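So the structure is just underneath, and the comments pick up after that.
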Amino acid sequence: MSATAAREHILELAKAGLGRDALSAASDIATSAISRIKSGRSTLIRKHTEDKLLAISNDAVSDGSLVKARPTWRQINALLAEGFTKAELARRLNYKTGSLQLGKKWILARNAARVDRLYRMLMKE
């Protein structure tokens with residue numbers, strides 16, 4: 001069958017920060033096959049391959065993947081507006097340096113998840 005739907009899905013997941021290694025881990029499809037589908041070199045794939053790829057959601061992001069930092073910074077800025085300092089947030093996040101050292105455009109998925117958990121906990125109070 002045509003690989004078009006799978007290719008489009010892979011490209012959307014790539015925009016969300018999922019690389020071929022994360023896709024391979026989530027689908028049990030070889031990274032080389034994922035690369036061929038993504039690049040368009042493979043135009044036909046088997047139905048079960050398509051099913052496996054289309055079943056992958058953004059939740060498959062691994063801890064070491066890069067994700068967009070904007071949503072995390074929105075949460076941090078909301079906490080700062082509530083009166084928390086960056087040093088206090090870093091302490092609550094168990095960062096060793098005592099300061100927030102997060103990129104402005106991209107951050108690790110594990111850091112985004114940590115900030116999200118802290119934000120949900122603090123904003124419930």
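The values are calculated or read from the model by the stated rules, or taken from the named source; none is laboratory data. A quick note: this is a predicted structure, and the numbers were derived from the prediction, not measured. No Cβ is skipped: glycine too gets one built from the backbone with ideal geometry, and neighbour counts run over all protein chains shown.
Evaluate the following for Ser99: is it over 21 Å from Ala5 (Cβ atoms), crowded, with 18+ Cβ neighbours inside 10 Å and touching a helix residue (DSSP H, G or I) at 6+ places or on another chain (Cβ under 6 Å)? Working first, answer last.
On the way: over 21 Å from Ala5 (Cβ atoms): yes; crowded, with 18+ Cβ neighbours inside 10 Å: no; touching a helix residue (DSSP H, G or I) at 6+ places or on another chain (Cβ under 6 Å): yes.
Here the answer is no, as Ser99 does not meet what is asked.
Rundown of residues vs (1) assigned by TED's automatic domain parsing to the domain that holds Arg120; (2) surrounded by fewer than 19 Cβ atoms within 10 Å (Cβ to Cβ); (3) in contact (Cβ under 8 Å) with a residue 24 or more places away in the chain, yes/no style:
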| residue | (1), (2), (3) |
| --- | --- |
| Ile10 | no, no, yes |
| Ala16 | no, yes, yes |
| Ile29 | no, no, yes |
| Ile34 | no, no, yes |
| Thr43 | no, yes, yes |
| His48 | no, yes, no |
| Ala55 | no, yes, yes |
| Ala78 | yes, yes, yes |
| Thr85 | yes, yes, no |
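Output the number of residues of segment 105-125 satisfying the condition of being more than 19 Å from Gly64 (Cβ to Cβ) and either out of contact with any helix residue (DSSP H, G or I) (no Cβ under 7 Å at 6 or more places or on another chain) or at pLDDT below 90 (or both).
Total meeting the criteria: 5.
When you check Gly17 against the structure, is it in a loop (DSSP other than H, G, I, E, B) and over 25 Å from Met123 (Cα atoms), yes or no? It would help to see each step written out before you state the result.
Details: in a loop (DSSP other than H, G, I, E, B): yes; over 25 Å from Met123 (Cα atoms): yes.
It is true that Gly17 is in a loop (DSSP other than H, G, I, E, B) and over 25 Å from Met123 (Cα atoms).
Would you confirm whether or not segment 89-107 contains a residue that is in contact (Cβ under 8 Å) with a residue 40 or more places away in the chain and closer than 30 Å to Met123 by Cβ?
yes
Given the structure, is Arg7 among the basic types (Lys, Arg) and at pLDDT 95 or above? Give the steps one after another, and end with the answer.
Numbers: among the basic types (Lys, Arg): yes; at pLDDT 95 or above: yes.
Against the criterion (among the basic types (Lys, Arg) and at pLDDT 95 or above), Arg7 qualifies.
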